[in-house]
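The next block holds one structure in the form of structure tokens; read it before the comments.
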Amino acid sequence: MISIYSISALILAYLFGSIPTAVWIGQAFYNVDVREYGSGNAGATNTFRVLGKKAGIPVMLIDILKGWTATNLAYFIGISTTGAFHSTAFVNFQLALGITAVMGHLFPIFAGFRGGKGVATLFGMVLAVHLQASLLCVTVFIVVLLITRYVSLSSILASFTYLIGVTFIFPLYIKSVVIYGMCICVLILVTHQKNIERLLKGKESKVNLFKRKTT
């Protein structure tokens, strides 16, 4: 049942997601708007490319925290609203909160609705909903990144890993979780369309976390 508490939580989740970490850190410490450079996205990957790992790591961690915190707002709504913790109704509300946070990252009210691709925030969300599948995603992401140094390819393969994880390896037997996994794959493919084109052409930028950024 929709209540004032549920609506308030959804609004708060959007506001959490709308925190433009990359923009604020770039402007505050480097006097740079990362949206004007690199891929033009206000996300962790572009921050790594434009400002280096000293800025990229905090942006990535905070963006993950945004998704995790917003999704876990479900615990503050109460069992009377969502049903027992980890029930279908509870998990569905977690998904709604997490998706709202991701939309906030994509279209942040605090940054002129020009955000990033939402991968880190999305990961924070799935981390809150399904820990085992999330850790499997991290493993795939890291392995692919170390081998190829393509963040975009790592993100795409990790998203499909999540779908496989919640469907076959660590099933919760909640249909909405599987549907959500499918939606993640579609979202990642849509938001990474240009990256896929560059990958196919061999023109995608690589990220190296083990070397200092040269100027």
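The values are calculated or read from the model by the stated rules, or taken from the named source; none is laboratory data. Not measured: the values here are computed from a predicted model. Virtual Cβ from ideal backbone geometry, glycine too; neighbours counted across all protein chains shown.
The combined condition, being among the β-branched types (Val, Ile, Thr) and buried (at least 22 other Cβ atoms within 10 Å of the Cβ), is fulfilled by residue 23. When 163, 145, 135, 189 are screened for being without any contact (Cβ under 8 Å) to a residue 60 or more places away in the chain and either in contact with a Ser or Thr (Cβ under 6 Å, 6 or more places away or on another chain) or closer than 22 Å to residue 40 by Cα (or both), only 189 passes. Taken together, the residues in segment 51-75 that are outside any helix (DSSP H, G or I) and more than 26 Å from residue 92 (Cα to Cα) amount to 1.
Check whether at least one residue in segment 165-173 is buried (at least 19 other Cβ atoms within 10 Å of the Cβ) and modelled with pLDDT of 90 or more, and report yes or no. Yes, some residue in segment 165-173 is buried (at least 19 other Cβ atoms within 10 Å of the Cβ) and modelled with pLDDT of 90 or more. When segment 159-196 is filtered for residues that are in a helix (DSSP H, G or I) and hydroxyl-bearing (Ser, Thr, Tyr), the ones remaining, listed by number, are 159, 161, 162, 167, 176, 180, 191.
When segment 44-63 is examined, which residues are found to be within 16 Å of the chain's Cα centre (by Cα) and surrounded by 21 or more Cβ atoms within 10 Å (Cβ to Cβ)? Passing the criteria: 44, 45, 46, 47, 48, 56, 59, 60, 63. Selection of segment 148-158 for residues being in a helix (DSSP H, G or I) and either surrounded by 23 or more Cβ atoms within 10 Å (Cβ to Cβ) or touching a Ser or Thr at 6+ places or on another chain (Cβ under 9 Å) (or both) yields 148, 151, 152, 154, 155, 158. In segment 5-33, the residues that are without any contact (Cβ under 8 Å) to a residue 60 or more places away in the chain form Cβ pairs under 8 Å with partners that are buried (at least 20 other Cβ atoms within 10 Å of the Cβ) and acidic (Asp, Glu), at six or more places apart or across chains, as follows: 21/63. Answer yes if at least one residue in segment 119-140 is surrounded by fewer than 17 Cβ atoms within 10 Å (Cβ to Cβ), of a type in the set (Gly, Ala, Ser), in the same structural domain as residue 46 (by TED's automatic domain parsing) and out of contact with any Phe, Trp or Tyr (no Cβ under 9 Å at 6 or more places or on another chain), and no otherwise. The answer is no, given that none of the residues of segment 119-140 is surrounded by fewer than 17 Cβ atoms within 10 Å (Cβ to Cβ), of a type in the set (Gly, Ala, Ser), in the same structural domain as residue 46 (by TED's automatic domain parsing) and out of contact with any Phe, Trp or Tyr (no Cβ under 9 Å at 6 or more places or on another chain). Filtered by the rule that a residue be among the aromatic types (Phe, Trp, Tyr) and either modelled with pLDDT of 90 or more or touching a His at 6+ places or on another chain (Cβ under 6 Å) (or both), segment 75-105 gives a lone residue, 93. Please determine, by comparing only the residues of segment 21-43 that are among the small types (Gly, Ala, Ser) and not in a loop (DSSP other than H, G, I, E, B), which one is nearest to the chain's Cα centre (by Cα). Only one residue fits best here, namely 22.
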